[in-house]
Structure formats: C-alpha cells, structure tokens
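One structure is given below, encoded as structure tokens.
The values are calculated or read from the model by the stated rules, or taken from the named source; none is laboratory data. Please read all numbers here as calculations on a predicted model, not as lab measurements. Backbone-built Cβ (ideal geometry, glycine too); neighbour counts: all protein chains shown. Just the protein is used for accessible areas: all its heavy atoms, side chains included, with ligands, DNA and RNA removed. Shrake-Rupley method; radii C 1.70, N 1.55, O 1.52, S 1.80 Å.
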Amino acid sequence: MPQPILELKQVYRSFKRGREVIPVLQDINFSVNKLEFLCLVGESGCGKTTTGKIICDLLPPSSGAIEFEGVDIAALRGADYKRFRRSVQIIHQDPYASLNPTHTVYDMLSYPLLTHGLGNGRRGVRQRVQELMDLVDLTPVEDFIDKYPHQLSGGQRQRVSIARALTTEPSLIVADESVSMVDVSIRIGLLQMMMDLRDRLGVTIVFITHDLALAKYFAWEGRIGVMYLGRLVELGRTQEIIRNPQHPYTKVLLSAIPEPDPEKTRSKEHIQLRSEDIPRLTELPPGCSFHPRCPWYVEGVCDDVVPQLVSLAGADSESEVACIPLERGQELVLHDA
Amino acid sequence: MFDQQREAVLRVEDLSIIYRTKRGDVKATSRVSFDLRPGEALALIGESGSGKTTISLALIRKLPKNAVVTSGNITYRRDDSVQDLLKLSNRQLRAFRWKDCAMVFQGAQNAFNPVLKIRRQFEDTAQSHGWTDKTAIRERALNLLELVRLDPERVYDSYPHELSGGMKQRTLLALGVLLNPQIVILDEPTTALDILTQRAIIDVLNDMQRQLHFSIIFISHDLSLAAEMADTVATVYAGEIVEIGPVNDIFYRSLHPYTYGLLTSVPTLEHMQDHLQSIPGSPPNLIDPPAGCKFHPRCAFATDACHKDSPPLALDIGTHPAACWHKDRLLESRKEPV
Ligand SMILES: Nc1ncnc2c1ncn2[C@@H]1O[C@H](COP(=O)(O)OP(=O)(O)OP(=O)(O)O)[C@@H](O)[C@H]1O
Ligand SMILES: Nc1ncnc2c1ncn2[C@@H]1O[C@H](COP(=O)(O)OP(=O)(O)O)[C@@H](O)[C@H]1O
Ligand code: SF4
Ligand SMILES: [Mg+2]
Ligand SMILES: [Mg+2]
C-alpha cells in the first residue's frame, strides 16, 4: 500500500458575498501518496487554487478534515503546527504578484530562513541561500543574488518562488499553475526542474493547472484529478484518463483541446455540448452539475441525484468517477447536438 | 482553402516600428514583410513581448503616441483600388476600420458599452458608417449572431452583463464583421478563455470564414491554435519574422532553430514525451537587442557568423523562407534518430 502524506476528507468550502453563499468546494475527497505525481486540472473557477490553499492551511475548510501524515491538522498545536506549516509549501500562480518588488533575491530567500530559525548564523544563511539558488539553477549565483524582481525574467522569478518554497525543507509542495504565466519556450524546463527536485529532495509535488497536456507531462507516472464547478468528477491514473476517459466532462474536455500538430488537430472529433453556458456557482443545477451541458445526460437520473466519486465495476481499480449512469453500469447514449 | 494565385489584399513591406521611452528606443518591429491573400488565415506566433500586437496595431493605424514607424509601407487592395495605409487621412481611416478591416483585441469582451443593449451597439456601428435602415441592420445582425451560434433574438436584446465571457467574445466577432470587412485581425482571440469556450470560438471562426470569405490575421502564443486554424504561419522573434510558410511546412519541416525550439517545448496529449526541452535563456530586451542574429544567445547552432551578421529571411534551403545562417545544420540534426 502506498502511504498517503496528505488526505482530504469530505472537504467543503463556501464564501459569503452579501447574503449569497457561494459553494466553491463540495465533498472533496482524495489522498496524496508520498512522492506520487498528482495533478489537479479543471477550468477557471472550478476550485483548484482554493483546494491548494486548504491543503496548506492558508484557508480553513467550512467543514471536513485535512490529515497530514495521518494527523488531523486541526488538532495540531504549537511546535507541531509550526512543523506542519514548514512541511507544506505553496508556489503561487503569479510570480509577478507574489514577489515583493523592494526585496532582492537574497532578502526573499534569507527572510524565511531567519524567521524559522533555520540558518546557522549570518554565514550559514548566506551559504544556504546559495545552495537554494543552485538547486533552482539561478546560477552563477553572484549574477542574481542582489537583483530585484523587475530585473529578472518571468522564468527567473518563477525560480525564485520555487527556491523560496524550498527554504523550509518541505515534504509537500503545492505548485499552483506556476508555469502557465511563463512563456512556452521555458515552461517545460521549469516543470522538469520541479520533477527533478522531487527526486533529489524527496519532496512530493501536487501540481495544479488548467492545461491537460501539461498535466499529462507532469503526472504521466501518476494521477490526475479533474474538477468541475467545485467537485472532483474523475480521479485516476493519468495514462488511463488520457487514453480512456470515463466521465463525460473529461471526454468533452479532451476532445475539445486543440493540439500543436496540424493534421492531428484538424482530424480530431469534437463532442458537442448540449449547452455552452456555464452555470453560476450560486445557481448550481440539481443533481449532477454538468447535466445541463452533458451530451450523455439521462433525464430523471442526472438531474435528480448528486453523483459521488466511486470506483466503477470492471474499470481500472485506481480510477474513480462521479456519474450516476456510469455508476449504475448504464451504457452512455450520445444526444444529438 | 484560399487561393495562392490571387493578388494580396494586404502587403506589408519592410515595416519597422520603435517605441520612444525614457530608457531608450524599443525596437518592437524590425523589417517585417508579408502578404495576406483573399480568404487566407495567417497566424503570427511568438512569445509575449515579441512584437505581435505592435504589428497588428500598425495595420489599423492604432499605434500608441510614442510609437514611430521608421520604415516600410503597407498597401491595401479592395477590388481594383490600392491604398497606402500609412498615408490615409483620418476620415479614410475611420472608413477603413470596420468596413475594410475589423480588429478584435486581447481581452476584448470588455469592449462593449455596459449601459447599451447589444442591439444599440450594432445600430450605432452601422449608422456611424452611413447605414441607417434599422430593419436591414437587424436582419444582418441576427444572421451573424446565428452564424456565431448564439440565440439571435435573445442576445440582440440583452445587455452585455447578461452574457458570459464566451458569448460576449462571439457577439464581438459578429459585430466585427457587420460591415463585411475583407480582413479580420484577432489578437489572442482565445487566451484567458476556458477550453470549452475556446473550442466554441474556434469552430465559430472557421464557420464564419467559410461563409464570409474574409482574410484573418491572428496573433497568438498558442501553437495549437495556429496548428488548427492557420493556412500560413509566421514565427515572430524579437520583433522580426524569422520564418514564414504554409502551416504544415512550419510544423513538420521547420527551418528556424527558434520555431523548432518552440515546437519541441510544448507537450501534446498523447505519449510520454521524453524529448521535450525548453529553449535556454529568455527573449532579449528590445532596447538593446543582441547584434547579428537576435536569437544567437539562445541558439544551439550559433557560430561567429551569427554573432556578427543578421541572417536575411531567405528562401534558399527547404520549402519556405527562414532567417538563419545554418538551416542545413538544423535539417541535418533532425535526420538523426532521436
Ligand atoms: N475569497 C473569496 N471570496 C469569494 N469567492 C471566492 C474567493 N476565493 C475564490 N472564490 C471563488 O471560488 C471559485 C473558485 O476559485 P479558485 O481560485 O479556487 O479557482 P481556480 O480553479 O483556481 O481557477 P483559475 O484556473 O482561474 O485559477 C471562483 O468562483 C472564485 O470566484
Ligand atoms: N506603448 C509602448 N511603449 C513602449 N514600449 C512598448 C509599448 N507597447 C509595447 N512595447 C514594447 O514593445 C515590445 C513588443 O510588444 P508587443 O507588440 O505588445 O508584443 P506582443 O504582442 O508580442 O506581446 C515589447 O518589448 C513591449 O514591452
Ligand atoms: S542564424 Fe545562427 S544563431 Fe541565428 S538561428 Fe541560425 S544558427 Fe541560430
Ligand atoms: Mg487558480
Ligand atoms: Mg500582445
């Protein structure tokens, strides 16, 4: 049995806006195994970043529990809680917004070392900063250590963010879209570097993106979780999901993606949605949230029961899908567009 | 498909543009030339800051005040009349934008006036170009809204805030072609839209082009979009077109190390791709770009010649023009099994 480093149990999260309650995450259940490649994908606003923040306890869940190394983090106090906060780090979506413009690279990397009491004197701190810069290929170190964010390229800023997340020697890093703001010509290199850090430092990385091709690249040997309007709709082995998606939303998504190959992308069959309107979180449809758009919708079933993430009989043992007809073993019948 | 033989609707020759700034002149466009033929879809691809938006702003004469066109000309042909776009009067320009050339900008969903119904925005556009018959405007508008796969009556009577981002984007496309332009320019038409919304926009654009036969110039950093929509692809690097050719030639027979580098840095959906690799370094600062070939600091094939002299966009080796001294070496390296 693989060991989970982290587990989310029936996590819900909502926000209040005036009198309205926005349910942003509902019934999220999944675990992250030590050193596995796990990627959360989904379209804008589906709750990926919120999930990432909840994992790091930057945001409490409205209900549900997060267990880190088998312990409910809500029960952690004092030194134990501090240790948890050091062990779990997040790398933010936007490297431009997340770096303080008045701090040099040295300031940004030494600050967390000093506040967590991790450096060993002035010299020790400087040496550790250099090590970290080495790890993320910000070399030669002297060329970068005194630079301010505006003097760095997008890719270099991203490397600073990663190095900063590594200062506390975390065992789990949530990397939120941390390459999508960066130009195509360098994003794959950043991803490769993170995958390499996992091997060298033994850190587990949960990668969050809306780019399925990138998710595939990162989690080829691992798993992908697909989110839609605040729920996980499919969770399974990456290669299985890419080759043989089960959930209707995953199928539509994969069929819709243009690919960087003219012949392939032009001969691709696109599954038509029944509706292109994305429901508001405050007016979620009853039953399965995808049902008004789902090309395989079964009337009286899909608009009635909220599907749970379950394993399907006869399917890949590691795969889970939230779809009532699939759960009941019904054959899906495509509606005419 | 477009007709290779027909005369270009738009011809850009030797266009150079700088932005004057306190820190120095930004050389945003350098000696850019290309032709756009009737019905052709041309993609300009390149990374952020490479100068794509600058080129398109020049085409509709909407460059910001600190921009200076330092060389070149842009000729536009409609039927048998030819115009030099850089010499149009303000009145001619107003007619040119919309009637001849429509542009949909990056993030343009916010371009609608929030207090006016969509109907008013169609009517105002038509009327400001001398078209006053409201029934005729309505008829054309509803046809176009249907073509972009919206519920025409409902959308025509809506306020912008009643429409989703993707619906607004499609309404904007319909509005853009209201006056039947020959050229539609799209700057990052799908960036920041969700995958399913992107798909709807791509399909709609393809339908529209098939029916209305306009030419498209679209600008994107997204190679997949170019693969799917373009007849012709031009790669832009540091303000220059470094390679241009038919879409299949660019994707399967690229001749420029930068284009090739881009192609080997994007993952596809199938297979594990062990050979993927980023281009080292980052794009240059355009105030003080490298001498010679601007790509040389990042190029695996660079030699002394590349440091000294800028390679011309020439058709000497291979199927289409590219600006590189060592195309033969790239071709050679690609023959070796990976
Ligand atoms: N503090 C907040 N108050 C109110 N609503 C919020 C708050 N934070 C997030 N939301 C809402 O929660 C939903 C999910 O947001 P989240 O940032 O998790 O999405 P995401 O999947 O990361 O999207 P993206 O791909 O755009 O980054 C959105 O509808 C968002 O507007
Ligand atoms: N108004 C402006 N003033 C000064 N520099 C500008 C201005 N607009 C763009 N630039 C610079 O010109 C270059 C090309 O920009 P742009 O055409 O917007 O590129 P792209 O659309 O490919 O991202 C960049 O270096 C950019 O910073
Ligand atoms: S001219 Fe030289 S530096 Fe430029 S792309 Fe060709 S080989 Fe590379
Ligand atoms: Mg997010
Ligand atoms: Mg731009």
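Applying the criterion of at least 1 residues that are within 14 Å of chain B (Cβ to nearest Cβ) to the helices (runs of 4 or more DSSP H) found wholly in segment A:81-176 leaves A:141-144, A:154-166.
Among the residues of segment B:16-25, is any open to solvent by 50 Å² or more (accessible area, probe 1.4 Å), hydrophobic (A, V, I, L, M, F, W, C) and within 19 Å of the chain's Cα centre (by Cα)? No; the residues of segment B:16-25 include none that is open to solvent by 50 Å² or more (accessible area, probe 1.4 Å), hydrophobic (A, V, I, L, M, F, W, C) and within 19 Å of the chain's Cα centre (by Cα).
Taking segment B:159-208 as the range and being assigned to a helix (DSSP H, G or I), of a type in the set (Ser, Thr, Tyr) and open to solvent by 10 Å² or more (accessible area, probe 1.4 Å) as the test, only B:197 passes.
Of the residues making up segment B:124-139, at least one is of a type in the set (Gly, Ala, Ser), assigned to a helix (DSSP H, G or I) and either in contact with a Lys or Arg (Cβ under 7 Å, 6 or more places away or on another chain) or without any contact (Cβ under 8 Å) to a residue 12 or more places away in the chain (or both). Do you know which of the residues in segment B:260-276 that are in a loop (DSSP other than H, G, I, E, B) and either within 16 Å of ligand 2 (Cβ to nearest atom) or loosely packed, with under 15 Cβ neighbours inside 10 Å (or both) is nearest to the other protein chains (Cβ to nearest Cβ)? In this case the residue turns out to be B:272.
Quick check on segment B:289-318: of everything there that is within 16 Å of ligand 2 (Cβ to nearest atom) and closer than 17 Å to residue B:234 by Cβ, which residue is farthest from the other protein chains (Cβ to nearest Cβ)?
First pass over segment B:289-318, keeping only residues within 16 Å of ligand 2 (Cβ to nearest atom): B:289-290, B:294-295.
Next cut, closer than 17 Å to residue B:234 by Cβ only: B:294-295.
Details: B:294: 14, B:295: 11 Å.
Ranking the candidates gives B:294 first.
Every test in (1) more than 22 Å from the chain's Cα centre (by Cα); (2) more than 14 Å from chain A (Cβ to nearest Cβ) is passed by residue B:321 save one, and that test is (1).
Those residues that are open to solvent by 30 Å² or more (accessible area, probe 1.4 Å) and closer than 30 Å to residue A:252 by Cα, I need them from segment A:43-60; list them, please. Passing the criteria: A:44, A:45, A:49, A:53.
Looking only at residues of segment A:183-202 that are small (Gly, Ala, Ser) and on the phi < 0 side of the Ramachandran plot, we find that the one that is surrounded by the most Cβ atoms within 10 Å (Cβ to Cβ) is A:185.
The set of residues in segment B:215-245 that are part of a loop (DSSP other than H, G, I, E, B) and either within 13 Å of chain A (Cβ to nearest Cβ) or surrounded by fewer than 24 Cβ atoms within 10 Å (Cβ to Cβ) (or both) comprises B:221, B:222, B:230, B:231, B:238.
For segment A:290-304, indicate whether the set of residues that are modelled with pLDDT under 90, surrounded by 16 or more Cβ atoms within 10 Å (Cβ to Cβ) and of a type outside the set (A, V, I, L, M) is non-empty. Give the derivation first.
Filtering segment A:290-304 down to residues modelled with pLDDT under 90 leaves none.
No; the residues of segment A:290-304 include none that is modelled with pLDDT under 90, surrounded by 16 or more Cβ atoms within 10 Å (Cβ to Cβ) and of a type outside the set (A, V, I, L, M).
Of everything in segment A:256-288 that is away from chain B (no Cβ under 14 Å) and within 26 Å of the chain's Cα centre (by Cα), the residue that is surrounded by the most Cβ atoms within 10 Å (Cβ to Cβ) is A:288. Look at segment A:22-35: where a residue is under 23 Å from residue A:307 (Cβ atoms) and within 16 Å of ligand 4 (Cβ to nearest atom) and a partner is open to solvent by 30 Å² or more (accessible area, probe 1.4 Å) and not in a strand (DSSP E or B), sitting 6+ places away or on another chain with Cβ atoms under 8 Å, you get A:22/A:281; A:22/A:282; A:24/A:281; A:25/A:61. Taking the criterion of being open to solvent by 40 Å² or more (accessible area, probe 1.4 Å) and among the hydroxyl-bearing types (Ser, Thr, Tyr), the residues of segment B:76-99 that qualify are B:81, B:89.
In this structure, does residue A:25 turn out to be among the hydrophobic types (A, V, I, L, M, F, W, C), open to solvent by less than 30 Å² (accessible area, probe 1.4 Å), in contact with a helix residue (DSSP H, G or I) (Cβ under 9 Å, 6 or more places away or on another chain) and modelled with pLDDT under 95? No. Tallying residues that are in contact (Cβ under 8 Å) with a residue 40 or more places away in the chain and more than 15 Å from the chain's Cα centre (by Cα) within segment A:5-16 yields 7.
Inside segment A:203-221, residues that are away from chain B (no Cβ under 13 Å) and open to solvent by 40 Å² or more (accessible area, probe 1.4 Å) make up a count of 0.
Total residues in segment B:185-223 satisfying the condition of being within 16 Å of ligand 5 (Cβ to nearest atom) and farther than 17 Å from residue A:210 by Cα: the figure is 9. Residues in segment B:191-214 that are more than 9 Å from every other protein chain (Cβ to nearest Cβ) and within 16 Å of ligand 1 (Cβ to nearest atom): B:191 alone. For segment B:277-288, filtering for residues that are more than 7 Å from chain A (Cβ to nearest Cβ) and touching a helix residue (DSSP H, G or I) at 6+ places or on another chain (Cβ under 6 Å) leaves 2.
When segment A:4-13 is filtered for residues that are surrounded by fewer than 19 Cβ atoms within 10 Å (Cβ to Cβ) and on the phi < 0 side of the Ramachandran plot, the ones remaining, listed by number, are A:4, A:7, A:9, A:12.
Out of the residues in segment B:21-55 meeting the condition of being part of a helix (DSSP H, G or I), more than 13 Å from residue B:11 (Cα to Cα) and touching a Leu at 6+ places or on another chain (Cβ under 9 Å), tell me which one is farthest from ligand 5 (Cβ to nearest atom). Looking at residues that are part of a helix (DSSP H, G or I), more than 13 Å from residue B:11 (Cα to Cα) and touching a Leu at 6+ places or on another chain (Cβ under 9 Å), I get B:54. Only a single criterion out of (1) assigned to a helix (DSSP H, G or I); (2) open to solvent by less than 10 Å² (accessible area, probe 1.4 Å) is not satisfied by residue A:239, namely (2).
Looking only at segment B:250-259, which residues are in contact with a helix residue (DSSP H, G or I) (Cβ under 7 Å, 6 or more places away or on another chain) and surrounded by fewer than 24 Cβ atoms within 10 Å (Cβ to Cβ)? Before you say what the answer is, go through the steps one by one.
Filtering segment B:250-259 down to residues in contact with a helix residue (DSSP H, G or I) (Cβ under 7 Å, 6 or more places away or on another chain) leaves B:250-251, B:254-255, B:257, B:259.
Correct list: B:251 only.
Select from segment A:37-67 the residues that are over 21 Å from residue A:210 (Cα atoms) and part of a strand (DSSP E or B) and list them in ascending order. Of everything in segment A:37-67, those that are over 21 Å from residue A:210 (Cα atoms) and part of a strand (DSSP E or B) turn out to be A:63, A:64, A:65, A:66, A:67.
Of the residues making up segment A:223-232, those that are open to solvent by 10 Å² or more (accessible area, probe 1.4 Å) and within 14 Å of another protein chain (Cβ to nearest Cβ) are A:228, A:229.
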